[in-house]
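Report on the following structure.
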Amino acid sequence: MDLPVISNAPVAAEGGGCASSGCGSAPDALAHLPDEIRAKVQDHPCYSEDAHHYFARMHVAVAPACNIQCNYCNRKYDCSNESRPGVVSELLTPDQALKKIKAVAAEIPQMTVLGIAGPGDPLANPGRTFETFRMLSEQTPDIKLCVSTNGLNLPQYADEIAKHNIDHVTITINCVDPEIGAKIYPWIYWNNKRIRGVEGARILIEQQQKGLEALTSRGILVKVNSVLIPGVNDEHLKEVSKIVKAKGAFLHNVMPLIAEAEHGTYYGLMAQRGPTDEELQALQDECAGDMSMMRHCRQCRADAVGLLGEDRGDEFTMDKIDVMDVDYEAAMVRRKAVHDDIINKLESERAAKAAKVPVHLSIAADTRPVLMAVAGKNGVVAEHFGHAREFLIYEASPEGVRFISHRKTELYCAGLDTCGDGGVAAEDEPESVLERNIRTLSGCEVVLCSKIGFEPWGMLEAAGIQPNGEHAMEPIEDAVMAVYKEMYDAGKLAVPGQARQVA
Amino acid sequence: MALQITAQCVNCWACYDVCPNDAIYEDKPHFLIDDAKCTECLGDHADPQCAAICPIECAIIDELGEALNPPGSLTGIPLEKLAELAAQGLVTTELP
Ligand code: SF4
Ligand code: SF4
Ligand code: SF4
């Protein structure tokens, strides 16, 4: 069966393949890619929905300087293009970075990807960035490298990037129109001058586009990130998506603007709002028709160590690393064994999925889709409702299950004791946090978790969201599809629910 | 003639990399300019390079204490708004 990837039609299910069992974003995200690119991406923790449960990446903060200003960034902190605003990383020299990377790689063999993303713009720090890459290409050949940039200096360093073991580059492109750019970038530093307004934005956009072409023409994978700024570039991002895809970017990742006054950014101080979950999702869906999206990206910390979303950075501060003595040759042997194990496991999981008759084929094609929130961890329904720091939002439809987004929550539950009994921790207005969390789930009809207290259960039901604790420890996609099938069999999907906004 | 770096500096290294005279050095709590080496970029560039790339208002001043990038000049936040934000404790920039 053909996979329509150009039209706005939802991706059709491929009989029995990965697409049919809906391993998150993978089917529609990767289906359009040429084989050699798909092979590169398949086991990449940042891009492959199933691989990111097993492999890990880390970032090192070796690049402090920046050559532009973004209105969502405060330079007291790390580059907001790659991390959440307000994060400060421990700055490392290239030598320190090398030591840290070897220590982490020896300790966490799953770490296969090393990124330089900040705290400023890596290509505004060419000396420190490429010195680090040069040493890593020589000394840790089993680690893939990646780099992110605002794009201003990209054309000039495309050849240098091609020399190293760099498997992909992320460019943050928020616009292709200088008038819009002037509202996002107040100035750039270019040819020994500070250039402001539309002129600065025009140069930046030109360099980003040239850089994108320079990389794709050299066969380097390029991912594009865009920050969705309501009222500034929201409509415009559809155009951006078309253009970057035409120039060969393999993923377009739309991230929400995060703007709080206390971050001290221009947008935060001027009370520019970020998008709602619904706005973000609508735009991601709109762009998905044009281009594959990376839904499970979490805007990780620039110095995060560990599986995506989990941070073990505290185990590897410079003072601890200084006393470690890493034999990298020996570590590489151990790492290889662990990697082979994981690949075997991934392959057998993929094969098992392929062998199963997909449940969704028994659901009538005109059945309406349902959004479900999952308190999940490592690919299974694992978390207690009150302990979930985020919910994974999935859409179940007759085409299968697809991952949509993450939605962050606030922890309202203080400990297992209170919640395990069905109660709610009675600390500083727990209700209001709980209520807020329930509002985070708007649009969802079901929430899947391993356990849930009595009180949130009642409140969820009152909000029209059905709690479900029956699929604890089951793989998320299977659980979501099973619940969807139950709803279908019970006739709950016959009545048209809220109209499908996407497709 | 030489420029100076103030306590507003966030230690981002940007000026260090672009100074044509290697006049800028890392120090605690922030970067400093060696006034024996700084020429204000005369003869090398039309604009002093440290001030052309520095992202922080008021971090670089001249001998008279005047900021090369005064409040509002880099962020574009209007001065009245800056005053209001300063009153709320949200910004620390000193206003002229
Ligand atoms: S490129 Fe990154 S570090 Fe530079 S201003 Fe933009 S968000 Fe900040
Ligand atoms: S004015 Fe020029 S010479 Fe002086 S410190 Fe700044 S960059 Fe260096
Ligand atoms: S560019 Fe400005 S903020 Fe950065 S180190 Fe130099 S003086 Fe400090």
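The values are calculated or read from the model by the stated rules, or taken from the named source; none is laboratory data. Worth saying up front: this structure is predicted, and the values here are computed from it rather than measured. Note that we place each Cβ from the backbone using ideal geometry, even for glycine, and neighbour counts take in every protein chain shown. All accessible areas refer to the heavy atoms of the entire protein, side chains included, with ligands and DNA or RNA removed. Shrake-Rupley method; radii C 1.70, N 1.55, O 1.52, S 1.80 Å.
Points to keep in mind about this one:
- For the range A:97-151, taking the residues that are within 14 Å of chain B (Cβ to nearest Cβ) and open to solvent by less than 10 Å² (accessible area, probe 1.4 Å), the one that is nearest to A:Arg57 (Cα to Cα) is identified as A:Gly118.
- Per the conditions (1) more than 9 Å from chain A (Cβ to nearest Cβ); (2) open to solvent by 40 Å² or more (accessible area, probe 1.4 Å); (3) part of a loop (DSSP other than H, G, I, E, B), the sole criterion not satisfied by B:Ala83 is (3).
- Residue check for B:Lys28: more than 16 Å from ligand 1 (Cβ to nearest atom), under 20 Å from B:Thr92 (Cβ atoms) and open to solvent by 50 Å² or more (accessible area, probe 1.4 Å): yes
- Contact map, the range A:184-195: residues that are more than 10 Å from every other protein chain (Cβ to nearest Cβ) paired with residues that are open to solvent by 60 Å² or more (accessible area, probe 1.4 Å), Cβ distance under 8 Å, separation 6+ or inter-chain. No pairs are found.
- Counted residues, the range B:32-44 - those being within 11 Å of another protein chain (Cβ to nearest Cβ) and open to solvent by less than 50 Å² (accessible area, probe 1.4 Å): 1
- Residue in the range A:337-390 that is modelled with the lowest pLDDT, counting only those that are part of a strand (DSSP E or B) and of a type in the set (D, E, K, R): A:Lys377
- Only strands (runs of 3 or more DSSP E) whose full extent lies in the range A:191-261 are considered here, and the ones with at least 3 residues that are within 26 Å of A:Arg273 (Cβ to Cβ) and either touching a strand residue (DSSP E or B) at 6+ places or on another chain (Cβ under 8 Å) or open to solvent by 30 Å² or more (accessible area, probe 1.4 Å) (or both) are A:221-228, A:251-256.
- Conditions (1) more than 16 Å from ligand 1 (Cβ to nearest atom); (2) within 13 Å of the chain's Cα centre (by Cα); (3) part of a loop (DSSP other than H, G, I, E, B); number of the one not met by B:Cys50: (3)
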